[in-house]
Amino acid sequence: MSPLYVALVHHPVRARDGSTITTAVTNLDVHDLARLARTYDLRAYFIVTPIEAQSSLVDRIVEHWHSGAGAKRVPERGEALATVRVVTDIGAACEAIEQREGRMPRVVATGARPPEGRAPLSFLEEAENLQATDVPTLLLFGTGHGLAREVVDQADAVLAPVRPDASYNHLSVRTAAAIVLDRLIGDG
Ligand code: SAM
């Protein structure tokens, strides 16, 4: 089984007009994806941001719930937030995985629309891939209007969108990540 990691990418991501931007970390994304990572026994949840002030914000959130007042009130939340690692870029997440696992991860991008010019993996294909290998996997989720084109192009694989033909396809990254993970490694 592939050791599985997720990353929430705040740069480079797309703006509505297609330009590349950096988005702000949101408290909800820190908590919800950490709870998801802990629930599915992921190895770690990387928060990717090049902005020092944002890294410090995440450190403060983790500190509060891991050893501060929050830990006393909701101890299980600290357990979830213990999965959080803040890194400046996707490469740093890959290096951290290589240090822990002894090999670089396979990087799999996600998105609400099928990638241009390359065939996406179905959930069944990727679920089988994860079962069949011990190579670590890093699953990338975007913010803003999605992962920047260069991130998708440089990924080793791209996962098919959830409900690609839906007339309305604007899932939050928290909802999308939950559906994706359950389809890949859920109990169903
Ligand atoms: N329109 C954006 C896009 O094309 O990805 C949606 C951005 S959404 C707010 C942020 C992230 O949630 C996406 O980068 C992707 O990781 C995930 N996401 C959103 N909808 C998804 C879907 N239908 N299937 C898979 N992932 C999705």
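Values in this text are rule-based calculations from the coordinates and carry no lab data. None of these values were measured; they are calculated from a predicted model. So basically every Cβ, Gly included, is an ideal-geometry build from the backbone, and we count neighbours across all protein chains shown.
Per the Debye formula on identical point scatterers at the alpha carbon atoms of region 24-88, with no solvent, log10 I(q)/I(0) at q = 0.24, 0.26 Å⁻¹ is -0.99, -1.12. For the chain, the Kirkwood hydrodynamic radius from C-alpha pairs, put into Stokes-Einstein at 37 °C and a viscosity of 0.692 mPa s, yields a diffusion coefficient of 196 µm² per second.
Taking Cα atoms only, the orientation of helix 27-39 departs from the longest principal axis of the chain by about 80 degrees. Comparing mean-square fluctuations of S56, S19, S167 from a GNM of the chain with C-alpha springs under 10 Å, the top value falls on S167.
The Rg/Rh ratio for region 46-137 is 1.07, where Rg is the radius of gyration of the alpha carbons and Rh is the Kirkwood radius. Starting from the Cα of I51, move 7 Å in the Cα-to-Cβ direction to define the label point; list residues of region 76-95 whose amide nitrogen is under 15 Å from there. Under 15 Å, as judged by backbone N against the label point of I51, lie 87-89 of region 76-95. Which residues does the label zone of H64 cover in region 3-43, counting backbone N under 16 Å from a point 7 Å along Cα→Cβ? Only 25-35 fall inside the zone, counting backbone N under 16 Å. The Kirkwood hydrodynamic radius of region 1-112, based on inverse pair distances between different Cα atoms, is 14.7 Å. For region 1-42, the Kirkwood estimate of hydrodynamic radius, built from reciprocal distances between every pair of different alpha carbons, is 12.0 Å.
Using only alpha carbons, region 81-188 has a radius of gyration to Kirkwood radius ratio (Rg to Rh) of 0.95.
Between 0 and 90 degrees, the angle of helix 52-66 with respect to the longest Cα principal axis of the chain falls at about 60 degrees. When you restrict to C-alpha pairs under 8 Å that are six or more residues apart and normalise by the size of region 33-101, the relative contact order lands at 43 percent. Take every Cα pair under 8 Å whose residues are at least 6 apart in sequence, average their separation, divide by the length of the chain, and the relative contact order is 30 percent.
The GluC sites (Glu not before Pro) of region 86-188 meeting both criteria, a DSSP state outside H, G, I, E and B (loop) and at most 13 other C-beta atoms within 10 angstrom of the site's C-beta, are E116.
Considering helices alone, the calculated mean residue ellipticity of the chain at 222 nm is -12500 deg cm²/dmol, with DSSP H runs of length four and up weighted by -39500 (n - 2.57) and normalised per residue. To the nearest ten degrees, helix 173-185 and the longest principal axis of the Cα atoms of the chain are 70 degrees apart.
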